[in-house]
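For reference, the structure is listed below as structure tokens.
No lab work stands behind these numbers, since they all come straight from the coordinates. These numbers were taken from a predicted model, which means no experiment stands behind them. A quick note on method: Cβ atoms are made from the backbone with ideal geometry, for glycine too, and the neighbour counts reach across all protein chains shown.
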Amino acid sequence: MTTQVDLLASYWTMASGAVPHSDHEYSSAAFEDRVAAAARAGFTGFGIWHADLEHTLRRISLADMRRILDDHGIKHVELEFLSDWWLEDGERRAASDVAKRKLLEAAHVLGARHVKVGDLFNSAVELPELVEGFAALCSEAREYGTKILFELMPFARINTLADALELVTSADAPNGGIVFDLWHLVKLGISYEDVARFPLRFIGGVEINDGTFTAPWTLFEDTINHRRLCGEGEFDVRGFVKTMLTAGYEGPWGIEVLNSDLRTWSPQRIAERAAATTRAQFPT
């Protein structure tokens with residue numbers, strides 16, 4: 001019997017029918033069906049993407065969503081994704097503020113554990129500006145009872161552990177932290193041991209998945225369509241899990257697998273396969 005851990009079904013793993021970076025980022029499967037599938041497979045966490053949130057709210061209310069999550073025993077709710085929060089003004093900042101309000105209002109009603117934020121396009125912004133924006137965002141999120149977690153990735157202005165540490169220590173927000181995604185760590189060449197030395201108070205979330213070390217397509221294509229379920233690629237997923245458990249990480253483990261084939265499956269098939277392959281990575 002494997003170690004009992006809380007597994008979080010990240011949005012893009014369960015996003016049947018959705019297409020990343022398109023006008024169809026929402027899932028074609030109903031919210032309640034995806035939540036039910038995840039719960040039946042043993043997940044206690046569930047992720048919601050901003051476009052899917054907006055699409056779902058055209059049919060049911062936030063209160064309805066909360067009831068569905070509660071009825072299925074979902075303890076950890078993740079909301080994502082917010083960008084451009086560091087800009088001072090302009091159309092992009094205005095759009096970001098609208099998205100922020102929707103995400104924070106949803107976080108409050110749904111009792112979300114955190115809102116995931118970041119930078120998807122290696123924006124030309126200085127670190128002090130990011131720190132200031134992050135601190136302000138965390139302060140605002142505290143009023144809604146949630147955390148703000150920055151995701152370290154190759155596509156972000158912050159793509160090193162040193163800069164990530166500078167972001168959270170300088171902002172020094174009690175509800176601010178970093179989310180570490182194994183796929184991004186491997187592609188950035190960051191060692192598991194270095195991640196384990198990151199201050200535990202700032203490790204807000206951990207996501208696991210699998211993939212290949214090299215690919216014939218671009219890094220962007222690789223990250224949105226070719227990630228693999230745990231144990232089905234070349235990464236040392238078990239080694240990473242063991243390292244983070246030893247470091248003292250006790251939060252939920254997000255399973256984030258953006259894969260074009262996986263998104264053609266039914267929610268139940270995805271959930272069962274994702275849960276089984278992930279549990280196999282944990283010590284018995």
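Provide Asp89, Asp222, Asp52 in ascending order of the number of other Cβ atoms located within 10 Å of each residue's Cβ, fewest first.
Details: Asp89 7, Asp222 18, Asp52 22.
Exposure proxy ranking, most exposed first: Asp89, Asp222, Asp52.
When Ser27, Ser266, Ser10 are ordered from fewest to most other Cβ atoms inside 10 Å of their Cβ, what list results? Walk me through the numbers before you get to the answer.
Numbers: Ser27 24, Ser266 13, Ser10 29.
Neighbour counts put them in this order, fewest first: Ser266, Ser27, Ser10.
Tell me, Glu193, Glu232 in order of fewest to most beta-carbon neighbours within 10 Å? Could you put the intermediate results ahead of the total?
Working: Glu193 9, Glu232 16.
Exposure proxy ranking, most exposed first: Glu193, Glu232.
Would you list which lysines come within 28 Å of Lys242, measuring only between C-alpha atoms, while excluding same-chain residues fewer than 8 positions from it?
Lys75, Lys116, Lys147, Lys187
Please list 3J(HN,Hα) in residue order for region 224-241, calculated via the Karplus relation 6.51 cos²θ - 1.76 cosθ + 1.60 where θ = phi - 60°; whole Hz, with x for glycine and proline.
Per residue, the Karplus-derived 3J(HN,Hα) values read 9, 10, 10, 5, 10, 5, 4, x, 10, x, 9, 6, 8, 5, 4, x, 5, 4 Hz.
Report for region 7-279 the percent antiparallel among DSSP-assigned beta bridges with both residues inside it, nearest 5.
Details: 2 of 31 bridges.
Roughly 5 percent of the beta bridges in region 7-279 run antiparallel, per DSSP.
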